[in-house]
Amino acid sequence: MNRPTGRRIAGVLATSAALVGGTLLGTTPAHAAWGTTYPVSVQVTYYNSTGGATQIGRADGWVQFDDGGNTFRYSFNVCRQSSYTWPRLQVAVDAGYAGPTWTEVFLENYSFPNGNPTTPTAPCYGDTDVVSGQDTYTNPWNVEFVVTGDYYGASGHGYKSSNYTVGDPY
């Protein structure tokens, strides 16, 4: 075999190996598809001893699960209504009763303001901020969003929480 033919064959073999190797190394596992977006609203309200109601804080947004069953993402507008400090948003999974006790596994704890202010829209009338996130947890059966705010009432200062739980459809 002469030199130019040997070089051509070597070049063809090198190019073929590079293409096959690139194809094999270039494949990545497919990401699970995102499912339906579920709307979520959480309103924290303080009820005084005479039956009066004061809105303390609110979170409005959505949650979306991947069809692999382990990852979810969310986005919320969180607003301060009559809370004396900014409300707090917590994200938890596997929320429910274990006997008489409510349990959950907390993943995130957001304090505001976090630098993403937005213009309040009804029913928010106080400061408003935005938070978005994504979490992965092995086979959660649900995701819980908890909003906590503080108030002053006839009995003094206290904290009030409200939650909303969304079942993982996968």
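Observations, loosely collected:
- Projecting label points 7 angstrom from Cα along Cα→Cβ for TRP141 and ASN163 puts them 1.4 nm apart.
- Close amide H partners of GLY153, meaning residues 5 or more places away or on another chain with modelled amide H under 5 Å apart, are GLY158.
- Order by protection proxy (mean Cβ within 10 Å, highest first), peptides 51-60, 150-159: 51-60, 150-159
- Reference-scaled alpha-carbon Rg (2.2 N^0.38 Å with N residues) for the range 32-126: 1.27
- Förster radius 25 Å - calculated FRET efficiency between TRP102 and ALA53 (Cβ-Cβ, nearest 0.05): 0.60
- For the range 123-135, Karplus couplings with θ = phi - 60° (6.51, -1.76, 1.60), whole Hz, Gly/Pro x: x, 7, 10, x, 4, 10, 9, 10, 9, 9, x, 8, 9
- Residue separation of THR121 and THR36 scaled by 0.36 nm, minus their Cα-Cα distance, works out to 28.1 nm of gained length.
- Take every pair of alpha-carbon atoms less than 8 Å apart whose residues are at least six positions apart; their mean separation over the length of the range 22-170 yields a relative contact order of 26 percent.
No value in this document is a laboratory result; all are computed from the given coordinates. Predicted, not measured: the structure shown is a model, and the values here were computed from it. Quick reminder, even Gly has a Cβ in these numbers, built from the backbone with ideal geometry, and neighbours come from all protein chains shown.
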